[in-house]
Amino acid sequence: MSPEVLPVDAMQPDADALQRAATAILAGRLVAFPTETVYGLGANALDSQAVERIFAAKGRPANNPIIVHVADVAAATQLTTSWPAAAQSLAQRFWPGPLTLVLPKRPEVPAVVTGGGPNVGVRLPAHPVAAALLRTVRVPIAAPSANASLHISPTTAEHVVRSLGDRVDLVLDAGACPGGLESTVVDLTSDPPRMLRPGLVTLDQLCECLPEIVVVETVPGESEHGSTTMSKAAMSKMPLPAPGQLARHYAPHVPLEVVAGDAWPTVERHLQHGERVGWLALGSTARRAESRLAVIEMPIDAAGYAAQLYAALHQLDDGSVDHIVVSQPPDGAAWQAVHDRLRRAAAV
Ligand code: TXA
Ligand code: MG
């Protein structure tokens, strides 16, 4: 069974479609909708049973908190017990947009939303469909990326349907998300504030508002968040400090490797071993697709690359290749989120 998919104009969404989506959310159902980053799987954030359905639909561990999307800054302040100057200046500069702020939650925010933890992540999305849906429904919307847990985030309605099937009740289809990678997550409850997940707002941009910000790093290759000495069993019962930091995340089903410099010898080696290879080349290449080789020429600018990355991985992750080789993108602040997602996709 497939969910109902309602096409909507990305710039001027149809009022009837928005009303139907809002009614579904208020009835405790799950509605997938586009944001400027990726598609979200939305439920009424104040309805704990509805939010529990998100966890079930995704197969998401109960201790991984969900971002709450709001229509305006006032709605964000109603979910949090404090709204420090840093929150105000970040919101002023980056909202609406791809930035999530973690702050102490009010008791009205159900514990299920925050994975049992004391803090809530809030975000005011810029996509006209997300913004219009929030204004129509008039409740905050809890929404993780609309994919099965640990898999690639969806940037189209088709990706959502492929990953979740009828575990989502309704999908608002406004075409591809313009950003293509998830929001930057900043924890303002710690001193100094911490960037928990790089995203479309870059560290350099954050530093202009918040020079003292630090970055949380994970240990590559660890399948759970690294640098702690706690046992996995103990950790699984605790709210995660920085859950987006699971080392393997955003991953295709087949092995993925990132190759610096000329990736062709690596591609060729896999072909010679009889494997079917998908290659994300950087810019144009003279190499052409052949029977066991799929070539995707990725944009050479960071924003273009980010917008295409998940779509390219979805395309190659349909069982048609055994191995994915990615030509390593350039260094630089604008590429940080791309490198982060590739590192996670490659982690074993
Ligand atoms: O761009 C995005 O952020 C998309 C769109 C739909 O808004 N959402 C998204 O949600 O990527 P999700 O659940 O796939 O990733 C949210 C990340 C997770 O790593 C989660 O652990 C972290 O943000 N997060 C959410 N609430 C948090 C909190 N209270 N404290 C710490 N981390 C939190
Ligand atoms: Mg996600």
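The values are calculated or read from the model by the stated rules, or taken from the named source; none is laboratory data. The structure presented is a predicted model; accordingly, all values stated were derived computationally and were not measured. When we count neighbours, we look across all protein chains shown, and the Cβ atoms used for this are built from the backbone with ideal geometry, even at glycine. Calculation scope for accessible area: heavy atoms of the full protein, side chains included, ligands and nucleic acids excluded. Shrake-Rupley method; radii C 1.70, N 1.55, O 1.52, S 1.80 Å.
Per residue, the accessible area of the chain comes to 42 Å² when a 1.4 Å probe rolls over the protein heavy atoms.
With the highest mean first, a sort of the peptides 35-44, 266-275, 336-345 on other beta-carbon atoms found within 10 angstrom per residue produces 35-44, 336-345, 266-275. Near residue 196, once Lys and Arg are set to +1 and Asp and Glu to -1 for all other residues with Cβ below 14 Å from its Cβ, the sum equals 0. As a test, work out the antiparallel percent of DSSP beta bridges whose residues both lie in the chain, rounded to the nearest 5. Antiparallel bridges make up about 40 percent of those DSSP assigns within the chain. For q values of 0.12, 0.25 Å⁻¹, compute log₁₀ I(q)/I(0) with the Debye formula on a Cα-only model of region 1-56, without solvent. For region 1-56, the Cα-only Debye profile gives -0.29, -1.12. Among 324, 54, 283, which residue has its Cα positioned farthest towards the positive end of the charge dipole of the chain, with +1 placed on the Cβ of Lys and Arg, -1 on the Cβ of Asp and Glu, and the dipole taken about the Cα centre? Checking the options against the dipole of the chain, the answer is 54. Taking only the C-alpha atoms of region 31-88, Rg followed by Dmax gives 13.1, 37 Å.
Cα convex hull, region 51-179: 106 Å³ per residue, rounded to a whole number. Per-residue Karplus couplings for region 273-278, computed as 6.51 cos²θ - 1.76 cosθ + 1.60 with θ equal to phi - 60°, are listed in order as 7, x, 7, 8, 10, x Hz, Gly and Pro entered as x. Put simply, when 142-150, 327-335 are sorted by average Cβ atoms within 10 angstrom per residue, most first, you get 142-150, 327-335. Given a 1.4 Å probe and the protein chains as shown, residue 217 ends up with an accessible area of around 120 Å².
Ignoring any ligand, DNA or RNA, what whole percent of the accessible area of region 295-348 comes from carbon and sulfur when the probe is 1.4 angstrom? Mind dumping the intermediate values first?
Values: 1050 of 1980 Å².
C and S atoms contribute 53 percent here.
So if I take the centroid of the Cα atoms in region 304-348 and the same for region 35-52, what is the distance between those two points in Å? Spelled out, the Cα-based centre of one part sits 26 Å from the other. Our summary gives region 1-99 a relative contact order of 15 percent, counting only alpha carbon pairs under 8 angstrom and 6 or more residues apart.
Going by average Cβ neighbours within 10 Å, how do the peptides 130-141, 310-321, 277-288, 153-164 rank, with the highest at the top?
153-164, 130-141, 310-321, 277-288
A Cβ-based charge dipole, computed about the Cα centre of the chain with Lys and Arg at +1 and Asp and Glu at -1, lands at about 720 debye.
When the P(r) of the chain is calculated, the portion above 30 Å amounts to 35% of the C-alpha pairs.
Axis angle, to the nearest 10 degrees, between helix 48-58 and the longest C-alpha principal axis of the chain: 0 degrees.
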